[in-house]
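Values in this text are rule-based calculations from the coordinates and carry no lab data. Small disclaimer: the values here were computed from a predicted structure and weren't measured. Cβ: placed from backbone, ideal geometry, glycine included. Neighbour counts: every protein chain shown.
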Amino acid sequence: MSEKYIDNLVSVIVPVYNAEEYLAETLDSILGQTYENIEILCIDDMSTDRSRDMLKEYASKSSKVVPILLEKNGGVSNARNIGIEKSRGRFIAFLDSDDVWLPEKIEKQINFMRENNYEFTFTSYQFIDSDSNLLNTVVKAKKELSYNDLLKHNAISCLTVVIDKKYVDNIHMPNIHHEDYAAWLNILKKGHKAYGLDEKLALYRKRQNSLSGNKLKAAGWTWNILRHEEKIGFFKSVFCFSYYAVINVYKHFLSK
């Protein structure tokens, strides 16, 4: 396993693209963590708004904020992969530039990992709207997930994940839609398991114009991962996809 890391450091990967509306709230939620040993790798993917200036302003105020200003737009998976490659911490965490962490998120999660020797963890989270108002939907973290569990439904939201590089090598996001789901599957099929901390420690912003907002497109991306990335047989893919569809109808439409 890799030994090229700083043991207690958490590297937070934040891909940024035209995020000026929510970027300050996101960064403030990371800087406000009770766990202080954090670096915040902000990978700007050629933003055309004030995002780059905001990153420079934050970096001038806090050495934790590390702007990485790309010279070519490469998409969110490329941005995350660059952040992973440049990370110095033993632990990798992810937060998109419009989502939010509660103050004790990282401290509680690192303690959870160290106390149980867990290498891959995630937490419960709640939806917020575009104005940061809490919505009714709370997604509870399942206790434990294997590769076969995850095939049926991506129950791991990227903004809740922390991965220990001491035990998990080659964290990589493929250049496809739902790249985080594909990355989790790739990790778990190597024999790892993901463990859930059932505490609401993150807030996921639900916006109608977000990439994941189009549920039909998202369904197509999931089918593509099952059939073409994981190369699951047709009938097993239909079974897994049906399970996914039922869960998402409930989560996004019936649990309000």
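Brief remarks follow.
- For region 22-161, the antiparallel share of DSSP beta bridges with both residues in that region comes to about 40%.
- Here the relative contact order of the chain, from alpha carbon pairs under 8 Å that lie six or more residues apart, stands at 22 percent.
- Between 0 and 90°, nearest 10: helix 179-188 axis offset from the chain longest Cα axis: 70 degrees
- Taking Cα atoms only, the orientation of helix 105-116 departs from the longest principal axis of the chain by about 60 degrees.
- Note on the chain: with charges restricted to the Cβ of Lys and Arg (+1) and Asp and Glu (-1), its dipole about the Cα centre is near 900 debye.
- Note on residue 149/residue 37: beta-carbon distance plugged into 1/(1 + (r/R0)^6) with R0 of 35 Å gives a FRET efficiency of 0.65.
- Degrees between helix 234-249 axis and first principal axis of the chain (Cα, 0 to 90, nearest 10): 60 degrees
- With R₀ set to 22 Å, the beta-carbon distance separating residue 72 from residue 20 gives a calculated FRET efficiency near 0.60.
- Cross-link partners of residue 56 among lysines (Cα-Cα below 21 Å; sequence separation of 8 or more within a chain): 64, 72, 86
- Gain on full stretching of the segment that runs from residue 104 to residue 207 - 0.36 nm per residue minus C-alpha separation: 34.6 nm
- The chain - share of DSSP beta bridges that are antiparallel (%, nearest 5): 30 percent
- With the simple spin-label model, which puts each label point 7 Å out from Cα in the Cβ direction, the residue 229 to residue 9 separation comes to 2.9 nm.
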